[in-house]
1. Can you name every residue in the stretch 179-206 that is farther than 24 Å from SER118 by Cβ and surrounded by 12 or more Cβ atoms within 10 Å (Cβ to Cβ)?
2. Looking at this structure, is ALA149 out of contact with any His (no Cβ under 8 Å at 6 or more places or on another chain), hydrophobic (A, V, I, L, M, F, W, C) and closer than 15 Å to SER103 by Cα?
3. In the list THR160, THR196, which residue meets the criterion of being of a type in the set (Val, Ile, Thr) and either more than 20 Å from the chain's Cα centre (by Cα) or modelled with pLDDT under 95 (or both)?
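The values are calculated or read from the model by the stated rules, or taken from the named source; none is laboratory data. The model shown is predicted, which means the values in this text are computed figures rather than measured ones. Here the Cβ is made from the backbone with ideal geometry for all residues, glycine too, and neighbour counts use every protein chain on show.
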Amino acid sequence: MAFSLGLTADLMLALAARSIRTKQSYPPILRLSPGIHFETGPAPRSIGGHPAGKGSWQSGALVPRFRSPIIWIAGSEPLDSPEVARFANALAASGRSVFLETSGMSLKRRLHEFQPSSRFYFAVRFDGLESREGRRNSRDGALRVGLEAIRMASLAGFFTCALLVFEPSTAAGELQQLHADISKLDVDGFLITCATPDPGMEKKVGQLRRRLLTRRWALLSSLLDASALSAASRTSQEIERQPLSQSRPGDFEEGAEAG
């Protein structure tokens, strides 16, 4: 499975950012959540120490202020935003690693708007399997949509990864089955995250990561979980431009071309 050189470098920077534990530090992964305004113009002036304009620090126009090496575009369905492709293309071209989380439902009609790049990944989301019989048809339909989205994006030359979300009702074996089914496709990697912060769930997820993921994808998964916890409470005043400590390729045991 591929872990691009650009993403390898940005993961190293993200880990370095995580080690800077001061109020002036910035999140290793900048998570853009629901309500974001996908703007690519200059950031508005600040008023009284706070950014001006709609969207607060979540506005896409403010992204250049943040030194986070990895950008995660989330929300109920980012592909429903008319501007998301232009926004994602611009971020990837600027040298950041960009992940766009999607169910895959709208990918067919929007795929032509995106540009393949070693800095851009479609992260197709797969929620944990539900044991209740009433959810089976919905689950199977979502699985088919997600698998087809990975096929389409891969054939078009995009990097793809499967985002496996561990739900409270999910059994470890069910997520393993999802992993096995998706592994039959030309997917570049996997991420496993918790649906909700819970010590018991986090322990199970940690075990699944060690069992199913390579070291880099497991590290990226843990950073993604941490970004979800901090996104709601972090403000623009807490995220300022800071120099990153130097990281060396030797800090990783594995080669850069595989993850």
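1. HIS179, ASP181, CYS194, ALA195, ASP198, MET201, GLU202, LYS204, VAL205, GLY206
2. On the way: out of contact with any His (no Cβ under 8 Å at 6 or more places or on another chain): yes; hydrophobic (A, V, I, L, M, F, W, C): yes; closer than 15 Å to SER103 by Cα: yes.
Answer is yes for this residue.
3. Numbers: THR160 fails: either more than 20 Å from the chain's Cα centre (by Cα) or modelled with pLDDT under 95 (or both).
Criteria check complete, one pass: THR196.
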